[in-house]
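Asker: I have a structure I would like to understand better, so I am pasting it below and will then ask my questions one at a time.
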Amino acid sequence: MINIFYRDGHLQGRMSGPMKVIENLERSLTDCGVEYSVNEEYYENNLILHWDTPHIQRYHSLKNKDKLLVGPQIWPFAPDFHELKEYTSVLVPSRWCEESYEKFFPGTKTSIWPVAIYAPEVSGTPTTDCLIYHKNRSNEDLAYVKQLLSDRRLTYTQLQYGSYSQDDFRQALSSVRFCIIIDNTESQGIAIGEMMAAGKPLFVWDQPVWDHMGKQYKIDATTVPYWDDMCGEKTTERSELSNLFDKFLSKRTSYTPAEYIDRELSPEKTIKTLLDLYV
């Protein structure tokens with residue numbers, strides 16, 4: 001049993017990562033038969049998903065901080081992060097995020113907790129070779145990948161982060177055989193996980209460094225924090241893309257990304273991980 005606290009406005013408008021965390025958390029709690037309340041302290045275990053002014057006020061008013069998790073939607077570089085003093089753990093979605101706390105905010109108690117991934121509903125027979133997923137990377141990188149596809153006479157469709165709906169996403173996944181990811185670093189990569197859950201092999205042009213706060217806060221990171229060779233192929237090097245892509249194409253039907261997601265990011269596993277943190 002758990003109380004979860006979040007901003008109601010997060011469930012309005014265009015789907016985003018923070019909204020998916022809320023949606024998938026509530027869905028997985030329900031699927032696992034775990035009782036929960038929203039924005040009221042009804043049970044013993046508390047989870048504050050955001051760290052902003054309304055939730056800092058909520059934090060100070062909580063009766064029970066002995067069993068309190070905060071995150072993963074928290075920005076430790078914010079000046080009000082220091083107000084978080086009594087808590088069980090700060091939730092981070094992946095190992096590289098935890099390493100950033102260890103390096104830049106030593107002494108912070110952290111625990112890795114990714115939200116469950118659900119497969120989008122896909123249907124029909126693919127008629128297009130590739131979905132290009134482009135997010136926070138240069139148009140030059142995008143053009144390079146498009147040329148790789150054109151040179152091999154492969155057809156593609158494209159989704160640009162921030163400009164598509166969930167229906168667009170489902171339709172695109174239904175129509176393609178595989179996906180190419182041109183993305184920056186991801187703390188979990190929920191949309192990428194959904195592509196894998198839908199059974200789409202991935203070719204990933206990985207981003208190995210996070211330095212959004214300047215070079216003094218540079219740290220090793222990745223586009224795909226949740227990854228296995230069974231999901232596809234990835235590289236950080238432009239010079240390796242062409243040869244590795246040919247390898248990927250030759251092995252495309254042998255990858256099993258949906259099995260990886262079912263093993264590592266199922267509702268049952270992620271909810272057990274969450275509830276075990278209160279013990």
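The values are calculated or read from the model by the stated rules, or taken from the named source; none is laboratory data. From a predicted model like this one, the values you see are computed outputs, not experimental measurements. When we count neighbours, we look across all protein chains shown, and the Cβ atoms used for this are built from the backbone with ideal geometry, even at glycine.
Asker: Sort out for me the strands (runs of 3 or more DSSP E) sitting completely within the stretch 13-117 that have 2 or more residues that are aliphatic (A, V, I, L, M) and more than 30 Å from Q160 (Cβ to Cβ).
Answerer: Counting at least 2 such residues, we get 45-50, 68-73.
Asker: Which numbered condition trips up V279, out of (1) modelled with pLDDT under 95; (2) buried (at least 17 other Cβ atoms within 10 Å of the Cβ); (3) more than 20 Å from M19 (Cα to Cα)?
Answerer: Tallying (1) modelled with pLDDT under 95; (2) buried (at least 17 other Cβ atoms within 10 Å of the Cβ); (3) more than 20 Å from M19 (Cα to Cα), V279 fails exactly one: (2).
Asker: Hey, does the stretch 149-157 have a residue that's over 24 Å from the mean Cα position of the chain (by Cα), assigned by TED's automatic domain parsing to the domain that holds F245 and at positive phi?
Answerer: The answer is yes; a qualifying residue exists.
Asker: For K109, all conditions in the list (1) closer than 30 Å to L69 by Cβ; (2) of a type in the set (K, R); (3) under 19 Å from the mean Cα position of the chain (by Cα) hold save one; what is the number of the exception?
Answerer: Result: K109 passes all but (3).
Asker: So, one more: From the list Y255, Y278, Y226, Y217, exactly one residue is closer than 16 Å to Q188 by Cβ and of a type in the set (F, W, Y). Which is it?
Answerer: Only one candidate qualifies: Y226.
Asker: Scan S100, S89 and give me the residue that is touching a residue at least 40 places away in the same chain (Cβ under 8 Å) and crowded, with 19+ Cβ neighbours inside 10 Å.
Answerer: Matching residue, one of S100, S89: S100.
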